[in-house]
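Novice: Sharing a structure with you now.
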Amino acid sequence: MISESAAVYRGPACFDAVSGKLVEKAGVQFRFTSGSLAVLLGLPDIGHISYHGEMVIQGCQITQAIAILVIRNGDNVYKNAMNVRSTVKGCIQSGFAGIIPED
């Protein structure tokens, strides 16, 4: 038997408020933002989206549109310690429940 703390939960990713609402309607307990919000511009994930511009604004739109927890994919947290701090502050400001830095 798996204990509650070791249980596996589904947390689908989405990239905007509409896809967030669809995930919420599916009955999951939380969701992730996808790693690339460049899909909003119809571009590949190669740095077209700025953190302090599109990422924070999009995060606010997503977290305000749904009631379930949202965990942000932190990607590479923007390369250095000062940017890590700024990323975490922006995630708090945007209303994210957590962040997963990758690098």
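The values are calculated or read from the model by the stated rules, or taken from the named source; none is laboratory data. Owing to the predicted nature of the structure, the values given are computational and were not obtained by experimental measurement. Here the Cβ positions follow ideal geometry from the backbone for every residue, glycine too, while neighbour counts run over all protein chains shown.
Novice: Condition check: touching a Lys or Arg at 6+ places or on another chain (Cβ under 9 Å), modelled with pLDDT of 75 or more and part of a strand (DSSP E or B). Does VAL70 satisfy that?
Specialist: Taking the combined requirement at face value, the residue satisfies it.
Residue-by-condition table, conditions (1) among the polar types (S, T, N, Q); (2) more than 18 Å from ILE100 (Cβ to Cβ); (3) assigned to a strand (DSSP E or B); (4) at pLDDT 65 or above:
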site: SER5; (1), (2), (3), (4): yes, yes, no, yes
site: VAL8; (1), (2), (3), (4): no, no, no, yes
site: VAL23; (1), (2), (3), (4): no, no, no, yes
site: GLN58; (1), (2), (3), (4): yes, no, no, yes
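Novice: Of the conditions (1) β-branched (Val, Ile, Thr); (2) closer than 30 Å to ALA7 by Cα; (3) modelled with pLDDT under 80, ILE49 clears all except one; give me its number.
Specialist: The single condition ILE49 does not satisfy is (2).
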